[in-house]
Amino acid sequence: MIKKELKEVSIFFVATLFLSYFVFWGPIAISKVPTVNLVDGERGPVWAIVLFIIGGFIPSICGVILTRVFEGKKGIKELFKSSIQFKIGFKWFVFILLISLYYSFSLIFIYTIIGGKFDYSQFWIQLPTIIPLILLGPVSEELGWRGFAIKRLLKHLSPNVTSLIIGVIWSLWHLPLFHMVGTMQYEFNLSFAGFLIYVTFQSFVYTFVYIKTKGSIFSAILLHWFFTYLGQVVSSSIVRTDIYNWLEFLPSLLIGIVFVIILRNEKFRLKGSL
């Protein structure tokens, strides 16, 4: 018999993928209607832009709604409280920053060794975008992946299995972007296989941080925020080639393997959860 929490997280995964594929992002991808072109700045019709933006918030929307359904008002209160609970410990702020810098500078290193030249001033030039970027990924997704799904999976599964499941679903949720005009995935002809590796192995890092900060959703939001900003700076400041597109998943794969090993001995139980 499937445990109650596994049924709940299955509902979350199905709802999130269904809404992405069949209601918001999928129709835009199939029709090839442009939305906000993240590469050259062109814009499509308003209705497509609205669907695109709402679609990006589906993981968190589903996480919030299902938390209310399964945990009531108390669950909602705890969800939002954990999302703004800044006291995760100074060392974890430092760790999150360092792991984010590892990703960005590893990508710069790869770009350099294949003949590219990176403009480091872009980190300062694009700094004003860091505030709005907290919505695009960190807040729009983490109330679902880490706010709803992870604690239910960790209740019955190991951290590594939990990380793998969330990582794969997280990747699949992005699949329509690879067929949607204007997205980086579509315009740069990125490989979904490489992206699957990139995101899935990142998931192990998120799980480690989540466990070590005692189930803090804020820690996941912060990590996602740093990843988003630093990744945007690197991606927007390089000239992509086929070889770079295939090599850019390597830093995630390597650090992910390290955390697979670390998480083998980790156990997690969130007191008072569910």
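The values are calculated or read from the model by the stated rules, or taken from the named source; none is laboratory data. Everything numeric here is computed off the predicted structure, so don't read it as measured data. Positions of Cβ are generated from backbone atoms using ideal geometry, with glycine treated the same way; all protein chains shown enter the neighbour counts.
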All-but-one check, Ser104 against (1) within 16 Å of the chain's Cα centre (by Cα); (2) more than 30 Å from Ile28 (Cβ to Cβ), failing number (2)
Pairing a residue in region 162-184 that is among the small types (Gly, Ala, Ser) with any residue that is assigned to a helix (DSSP H, G or I) and surrounded by fewer than 19 Cβ atoms within 10 Å (Cβ to Cβ), where Cβ atoms lie under 8 Å and the two sit 6 or more apart in sequence or on different chains, gives Ser163/Val260; Ser171/Phe192; Ser171/Leu196
message = Among the residues in region 124-142, are any polar (S, T, N, Q) and touching a helix residue (DSSP H, G or I) at 6+ places or on another chain (Cβ under 6 Å)?
response = yes
Residue hits (region 156-181; among the small types (Gly, Ala, Ser) and crowded, with 23+ Cβ neighbours inside 10 Å) are Ser163, Gly167
Matching residues in region 75-94 (farther than 15 Å from Val9 by Cβ and part of a helix (DSSP H, G or I)) number 12
Picked from region 211-240 (must be part of a helix (DSSP H, G or I) and polar (S, T, N, Q)), the residue farthest from Val260 (Cα to Cα) is Ser236
When every residue in region 7-22 that is over 20 Å from the mean Cα position of the chain (by Cα) and without any contact (Cβ under 8 Å) to a residue 24 or more places away in the chain is compared, the one nearest to Ala48 (Cα to Cα) is Phe22
Residue check: is Phe208 over 20 Å from Pro159 (Cβ atoms) and either among the aromatic types (Phe, Trp, Tyr) or outside any helix (DSSP H, G or I) (or both)? no
Taking region 22-74 and the residues there that are outside any loop (DSSP other than H, G, I, E, B) and of a type in the set (S, T, N, Q), the one that is modelled with the lowest pLDDT would be Ser31
